[in-house]
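Peer 1: Before anything else, here's the structure in question.
The values are calculated or read from the model by the stated rules, or taken from the named source; none is laboratory data. These numbers were taken from a predicted model, which means no experiment stands behind them. Using ideal geometry, Cβ is built from the backbone for each residue, glycine included, and neighbour counts are taken over all protein chains shown.
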Amino acid sequence: MSNLETSATQREVKDEAGDRAKHLSFVAHEIRNPLATALWSAELLGRLSAEERGGPRGEKLAKMALRAVGRVRRLLEDHLLAERLDVSGVPVSLESVAVKDLLSEAPLTIGVSAISVDLEEGLAATADAQLARRALEALVLVAGRGNATVRVSGRRVGEVARLEVAGAPVAPGDLADRRPGDPDDLGPGCLGLGMARRVALALRGSLRVEEGAFILDLPVADGRPPG
C-alpha cells in the first residue's frame, strides 16, 4: 500500500471514529434527560408523606417517573439492538411471516393514538418476525408523534413485500444515526430509526423515505424456503 493510500485509509478511520463519537454523545444526551426526570420524580415521591403519595400529587409524580423510565428503556433497547446488529451479534431466523401479524399490537405497545392498516390480502414476507416487528414499531412510533394518525399500507411489488408507514412527515436524513445538533423532533423513537435501518439490511431488505413516508421493502414469501 502506498503512502497516499495509507493516509487516505487513516483519514477514513478517523472520520468514522469521529462520527461514532458524535452519535454516542447524542445517545448519552437522550438517555440522560429522561433518566434525570425519573430520578427527580422518585426523590420527590420519597419525601412525600404516605397520605400525599396516595393523593393527586403522588399519582402525578409516579406517572411522570413511569413515562421517563419507559423512554429510557426504549432508547436503550433500540441503541443496544443497533449495536448488536452492527457486529452481526443477533441471530436472524428467516421464515414466512404474515405482515398483518407484525402490526397487531403496535398501537397498544407503543402508545400511538390512531392507526389505520390497509394490507394486500395474504401478504407475507420472508423475515425474522421479532426483528421485523421491532423495526415496524419504531417506524410507527415516529410516524405517530404529535398524535398524528398513522397509515400503514402494504402490497406485493415483484419479489418485494412493500410496506409504507405514513403519518407525521419524515425526511431521508432522519434515517441516519443521530448527532448533537440534529433536529430534536423525532420523539422517543429517535434511536429506533437507525435500528430499523439496520434490521432492514439484516433481513435482506431496505428502508428509505419517499414523499415524507417510510418505505420498508422485505423479501416476499412465495412458498420457497428462505435462501
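Peer 1: With respect to ASP217, is the statement that it is at pLDDT 95 or above and either under 25 Å from GLU77 (Cβ atoms) or aromatic (Phe, Trp, Tyr) (or both) true?
Peer 2: yes
Yes/no per residue for (1) at pLDDT 95 or above; (2) of a type in the set (Phe, Trp, Tyr); (3) surrounded by fewer than 19 Cβ atoms within 10 Å (Cβ to Cβ):
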residue: VAL160; (1), (2), (3): yes, no, yes
residue: LEU163; (1), (2), (3): yes, no, no
residue: GLY187; (1), (2), (3): no, no, yes
residue: CYS190; (1), (2), (3): no, no, no
residue: ARG197; (1), (2), (3): yes, no, no
residue: ALA200; (1), (2), (3): yes, no, no
residue: GLY205; (1), (2), (3): yes, no, no
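Peer 1: Which residue pairs have Cβ atoms closer than 7 Å, lie 6 or more positions apart in sequence or on different chains, and pair a first residue in region 63-87 that is in the same structural domain as ALA176 (by TED's automatic domain parsing) with a second residue that is among the charged types (D, E, K, R) and at pLDDT below 90?
Peer 2: none
Peer 1: Something else: Considering region 162-200 alone, what residues qualify as being closer than 25 Å to GLY122 by Cβ and out of contact with any helix residue (DSSP H, G or I) (no Cβ under 6 Å at 6 or more places or on another chain)?
Peer 2: ARG162, LEU163, GLU164, ALA166, ALA200
Peer 1: For region 38-94, enumerate the residues that are small (Gly, Ala, Ser) and assigned to a helix (DSSP H, G or I).
Peer 2: If the condition is that a residue be small (Gly, Ala, Ser) and assigned to a helix (DSSP H, G or I), then ALA38, SER41, ALA42, GLY46, ALA50, GLY58, ALA62, ALA65, ALA68, GLY70, ALA82 are the ones that fit.
Peer 1: Let me ask something additional. Listed residues GLY194, GLY146, GLY173, GLY122; which is in a loop (DSSP other than H, G, I, E, B) and either over 17 Å from the mean Cα position of the chain (by Cα) or in the same structural domain as LEU207 (by TED's automatic domain parsing) (or both)?
Peer 2: Every option except GLY122 fails the conditions.
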